[in-house]
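Below is one structure, written out as structure tokens; the observations come after it.
The values are calculated or read from the model by the stated rules, or taken from the named source; none is laboratory data. Given the structure is predicted, the values throughout are model-derived calculations rather than measurements. As a convention, Cβ positions derive from the backbone with ideal geometry for all residues, glycine included, and neighbour counts pool all protein chains shown.
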Amino acid sequence: MRIAVCVKQVPDTSEVKVDPKTGTLIRDGVPSVINPFDQFAVEEAVRLRDAAEGGGEVVAISMGPPQAKSVLIHSLALGADKGVLLSDRAFAGADTWVTAYTLAMAIKKLGEFDLVLCGQQAVDGDTAQVGPEIAQMLGIPQITYVEKVDLEGNKVVAKKQVDEGYEVIEAKMPVLLAFMTPSDFVPTNPPFSKITKAQKKPCETWTNAELGANPERLGLKGSFTQVVRVYSPPKRDKALMLTGTPEDIAKQLADIMGKEGFL
Amino acid sequence: MAEPIQVNNEKCTGCGLCGKSCPFAVITVVDKKAKIGDGCTLCSACVQVCPAEAITIERKAVKIELGAYKDVWVIAEVAEGCTKGVSFELLGKATELATETKQHVCAVLIGHNVKGYVDVLAENGAEKVYIADNPNLEKYTTDAYSNVISGMMSRFKPNIVLFPATKQGRDLAPRIAATLDLGLTADCTALAIKDGMLLQTRPAFGGNIMADILCPYSRPQMATVRPNVMPKPEPRKGHKAEVIEVPVKIDPKSIRTHIRETIKTCTMGGKKIEESEVVVSGGRGACEENGFELLQQLADQFGAVVGASRVAIDMGKKPKSVQVGQSGITISPKLYIVCAVSGAIQHTVGMSSSKFTIAINSDPNATIFAYSQVGVVGDMFQIVPKLVDELKKRKGK
């Protein structure tokens, strides 16, 4: 069983605060962490490898600046066997298509895989597009919004969220699975001893010299979409703060609801 | 110019899987080699199934003439015998975009026995409806739907294609973007035309950052659009649309995922939280005592659905199907009443496009007030029962 798992370094959104005065994000001093959905994917990769007959290999892959290596070390400490960091200035500014292309190129170069796992979405961008795009580029089926997965011979059986509830889907491997986190999932940091051990596991950094992708299709240059403006949303009007006894407040709220046409 | 789709005869084994997978039935096997006939839409279903990797499509060989791409398409979603409301919202926006670019609004209807939906799509703005009707399209599958829609887009060359940012739409659209080598913007909350191009606006970081995105050099321009954000158009009774039936052939073997079981999760009264005009949510502080019962009483005054923050879901107070936030559901109700929720990004991602928010929280510095029109610093256990009494009293009058 060979499993590739894609991970992304993101700002810890639980630490990102909004300045109550200006309404803008305070990002200074916010630590970078592994995207929580991806951490769950790594944990699942390790579990599936250990459950598979004859064991196997889990390869964690990330694209990002040199400091993104820390999410690979984190993945190795969670039990992955090998890490590959795709880091090259030529990769910078990639939209989802180009990100998927770069990751898919790396997966192809790393050989045949039975499973490709990723988080459903990254908490900074929330696009949920890279997983399905990788699957299409690798020519394998996909199951997204996966909450739970089991192996049955050469098949996976996954419980996935759909708009009307859930579906249980089966597919022959190779297949790409994009994971939601279960509601009781709390990303934990591996103990220090495991991190020390992880640093001895193989972890390579590839530039495009190693990857060999078409340079015209990389980074900002290769991206189909262009971000033309990033801005804080129009400043919301300050909330009208109500005061008084609970009875007073209830009356005021009912008045407002009436005025706004909700009653 | 070489054809963009090529069969490598040295690799081709003549197995015929490509022919079986072709939704448009244009591949035949002649002298044990695959032959691509006229009418190939470059949907790439064959590329996906070929075990010998003998078929390639060179997208860049097709020179893009931006002007050749016309019309605004809406991928309609139907479920359980009705058209989803988001399809109408998208048609309303598409009408605006089409008027500005002097093009037509078209709906795409995929499924089985779906012709009955044509009129309602026409009344909501569709001038043309493209239909792919096949028993193997009755249930959504990524493979069949993406092949069929990719093929239609290659063949009819729309300028803009809008997908609902539902779980289905977000599974489908990126697959098509990767098939056709196209840009795609996720979860847009605003769309406009700028210099003849589609200006796509999307939030990130829980609505704390907005980005405007263009797709200058490739067509069609693709976006998924967040449900409940765009207003529904006023239906034009009796309007008719031109119907274009696109014949498709789906071999069940070309669908690589199989649905073993469907589990419907019912929310209170069968109403889904994302479609409810009023939502009442509770967070950590509502988990004590009878907090969620009080919220239900408040919700009953509006026929509303009770939602919950992630903490409250984790504590088992409500099912996952009503979790508002990043790992749950995105809602944009007309009125959102949110009690004892602090306003972490995890939650605000899911509610920042609500139209009118009333927050009750005992912490005067709670972030949730920054997302609210009206705030009350106080204890929901004291205020909510009084509010329920007051609302009942006014209704009685």
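Some points to look at:
- Only residues that are more than 8 Å from every other protein chain (Cβ to nearest Cβ) and not acidic (D, E) were counted in segment B:358-376, giving 6.
- Number of residues in segment B:6-36 that are touching a strand residue (DSSP E or B) at 6+ places or on another chain (Cβ under 7 Å) and assigned to a helix (DSSP H, G or I) equals 2.
- Of the helices (runs of 4 or more DSSP H) contained entirely in segment A:182-263, those carrying at least 1 residues that are β-branched (V, I, T), within 14 Å of chain B (Cβ to nearest Cβ) and surrounded by 15 or more Cβ atoms within 10 Å (Cβ to Cβ) fall at A:246-259.
- Candidate set from segment B:163-185 (those that are within 13 Å of the chain's Cα centre (by Cα) and modelled with pLDDT under 95); member that is nearest to B:V72 (Cα to Cα): B:A165
- Scanning segment B:130-169 for residues that are among the aliphatic types (A, V, I, L, M) and either touching a helix residue (DSSP H, G or I) at 6+ places or on another chain (Cβ under 7 Å) or closer than 18 Å to B:T41 by Cα (or both) yields B:I131, B:A132, B:L137, B:A144, B:V148, B:I149, B:M152, B:M153, B:I160, B:V161, B:L162.
- Of the residues making up segment B:37-56, those that are within 14 Å of chain A (Cβ to nearest Cβ) and either part of a loop (DSSP other than H, G, I, E, B) or out of contact with any Ser or Thr (no Cβ under 6 Å at 6 or more places or on another chain) (or both) number 12.
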